[in-house]
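Quick note: the coordinates plus some simple rules give every number you see, no bench work behind them. The structure presented is a predicted model; accordingly, all values stated were derived computationally and were not measured. Every residue, glycine as well, gets a Cβ built from its backbone with ideal geometry; the counts of neighbours run over all protein chains shown.
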Amino acid sequence: MIDFASARRRLVNILRDEGIIKSDRVERAMLSVPREEFLPNYLRLYAYEDTPLEVMYGQTISAPHMVAMMCELLDLKPGLRVLEVGTGTGYHAAVCAEAMERRGMIHTIEYYPGLALYATQNLARLSYLGVVHVFVGDGSKGLPKYAPFDRILVTAAAPRVPPKLFEQLSSDGIMVIPIEERFTQVLYVVTKEGGVPHMRPVTYVSFVKMRYSEE
Ligand code: SAH
C-alpha cells in the first residue's frame with residue numbers, strides 16, 4: 001500500500017521550499033486534491049513524482065509544480081468565473097476549484113471526448129461537478145455563451161493568444177497561457193490594458209500542442 005497522503009505532503013513541502021507554492025491558498029489546494037485519483041491504476045505509483053505523465057491519446061497530466069505555479073499566477077479566489085482550455089484528466093480544474101474554496105464556476109473544455117469523459121468521471125467521484133463543468137470541443141474558440149471569464153487557464157501550447165479567448169477575458173481578468181515560440185515555449189500572464197494584450201513572460205515550459213485554428 002502506498003501512503004499517498006504522506007507522499008503528497010512531502011511533495012507540497014518541496015514545492016513550498018522551492019518557492020513554487022507561495023500562498024497558503026495554493027498549498028491547501030494542492031494538499032486537498034488526490035492526484036492519484038486522476039491517474040489510471042498503472043500510473044498511481046508515480047502520482048507524487050513532480051513530472052507530467054502520459055494518460056491517453058498522447059496527452060499528459062501536467063507536473064504538480066506547473067499546476068501550482070499556474071494557480072499562483074491566476075490569483076484564484078472564491079466566486080470567480082474561470083475557463084480552462086485542455087481538461088485532460090480534470091486534475092488541474094480540481095486544484096483550481098479547491099483554491100476557490102469550491103465557490104465560483106469553472107468551465108473546462110477538452111478536445112478529445114474520451115478524455116472529457118475520463119475527467120468527468122474523476123471529478124464526479126470527488127464531488128467536483130457542482131463547481132467544475134466539462135465541455136467537449138475546440139477550446140481555442142473559448143465558450144462565448146458563458147463569457148466573460150475572470151480567469152482563463154490554458155494547458156496546451158498555442159502559436160499565439162487565440163483572439164477569441166482574449167475577447168472572452170474580462171477587462172480586469174488574467175489569462176495564463178503557454179505560447180510556442182521559435183525553439184521553445186514560454187508561459188505568459190496576459191492581461192487587458194486598454195483593450196490590448198499585455199504579455200508578461202514567466203518561464204520556459206513544455207506543454208502538449210493545442211489544436212488550433214482561427215476559422
Ligand atoms: N489540465 C490537464 C492537462 C492537460 S494536457 C490536467 O490537469 O490533466 C492538455 C490537454 O489539452 C489535452 O488533454 C489535449 O487534448 C487538450 N487540448 C489540446 N488542444 C485543445 C483544444 N483546442 N481545445 C480543447 N482542448 C485541447
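Find how many whole Å separate the alpha carbon centroid of region 79-111 from the alpha carbon centroid of region 19-41. Cα centroid to Cα centroid, the span is 13 Å. Beyond a 27 Å Cα-Cα separation, which of these cross-linked pairs lie in this structure: LYS22/LYS141; LYS145/LYS209; LYS22/LYS164? Table pairs above 27 Å Cα-Cα are LYS22/LYS141; LYS22/LYS164.
Placing unit charges on C-beta atoms (Lys and Arg positive, Asp and Glu negative, everything else neutral), compute the dipole magnitude of region 16-106 about its Cα centre in debye, rounded to 20. Intermediate values should be presented prior to the final figure.
Numbers: 10 positive and 14 negative charges, 77 e Å.
Around 380 debye, computed over region 16-106.
The calculated FRET efficiency for GLU18 paired with ARG125, based on their beta-carbon distance and R0 = 35 Å, is about 0.70.
Multiplying the sequence separation of PHE135 and ALA63 by 0.36 nm and subtracting their Cα-Cα distance, what value in nm do you get?
Numbers: separation 72, 0.36 × 72 = 25.92 nm, distance 2.28 nm.
Full extension of this stretch gives 23.6 nm more.
Approximating the spin labels as points 7 Å out from Cα along Cα→Cβ, the VAL202-to-LEU117 distance works out to 3.3 nm.
Estimated purely from DSSP H runs of n ≥ 4, each contributing -39500 (n - 2.57), the mean residue ellipticity at 222 nm for the chain is -8500 deg cm²/dmol once divided by its residues. Between LYS77 and THR191, what FRET efficiency follows from the Cβ-Cβ distance if R0 is 22 Å, with the result rounded to 0.05? After rounding to 0.05, the efficiency reads 0.85. For a paramagnetic label modelled at 7 Å from the Cα of SER32 toward its Cβ, which residues of region 97-136 fall within the zone defined by backbone nitrogen distances under 14 Å? From region 97-136, the list is 97-106, 126-132. On C-alpha positions alone, give me the angle between the axis of helix 64-74 and the longest principal axis of the chain, in degrees, nearest 10. Taking Cα atoms only, the helix is inclined about 40 degrees. Beta bridges per DSSP, both residues in region 112-199: antiparallel share near 65 percent. Across the options PRO159, GLY139, PRO197, the greatest Cα extent toward the positive end of the charge dipole of region 100-211 (unit charges at beta carbon of Lys, Arg, Asp, Glu) belongs to GLY139.
Among bridges DSSP assigns within region 4-205, what percent are antiparallel (round to 5)?
Numbers: 18 of 38 bridges.
If we restrict to bridges inside region 4-205, about 45 percent are antiparallel.
If you model region 109-215 as an ellipsoid using its alpha carbon gyration tensor, with each semi-axis the square root of five times an eigenvalue, the axes come out at 24, 17, 13 Å, biggest first.
Per residue, the Cα convex hull of the chain amounts to 117 Å³.
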